[in-house]
Amino acid sequence: MDYLLHESFCLETESDKYKPREKNHDTVKSASIKAQNIGAKNLVLWHTQENLGKNRKEMYIKEAKENFNGNVYVPNDLDEIIL
């Protein structure tokens, strides 16, 4: 699989605050583990919390890279990803 597009509601460390699993959502960690397990080459994380401001991309990518060896994209609204 080349690309996995996966919602990622919040960082794992924020799961007690936002309770993503109660809303049938995943954390960055759980999404990245799934991507690694299915052999995806690229992971696009969307449907994210906006509470981290300018640091959101950096923090989401950092957490995803702890469990996923491919490329990680965390687009802002209206960003384009050329496949």
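Some notes on this structure:
- Single match in Phe68, Phe9 (criterion: surrounded by 21 or more Cβ atoms within 10 Å (Cβ to Cβ), among the hydrophobic types (A, V, I, L, M, F, W, C) and touching a Phe, Trp or Tyr at 6+ places or on another chain (Cβ under 9 Å)): Phe9
- From the list Glu50, Glu22, Glu7, the one residue that fits, being over 8 Å from the mean Cα position of the chain (by Cα), acidic (Asp, Glu) and under 16 Å from Val74 (Cβ atoms), is Glu50.
- Residues of the stretch 15-36 that are of a type in the set (D, E, K, R), in contact with a strand residue (DSSP E or B) (Cβ under 9 Å, 6 or more places away or on another chain) and closer than 16 Å to Asn67 by Cβ: Asp26, Lys34.
- In the stretch 37-55, residue surrounded by the fewest Cβ atoms within 10 Å (Cβ to Cβ) [restricted to those that are at pLDDT 90 or above and either more than 21 Å from Asn71 (Cα to Cα) or of a type in the set (A, V, I, L, M) (or both)]: Ile38
The values are calculated or read from the model by the stated rules, or taken from the named source; none is laboratory data. Just so it is clear, the model here is predicted, and its values are computed rather than measured. As a convention, Cβ positions derive from the backbone with ideal geometry for all residues, glycine included, and neighbour counts pool all protein chains shown.
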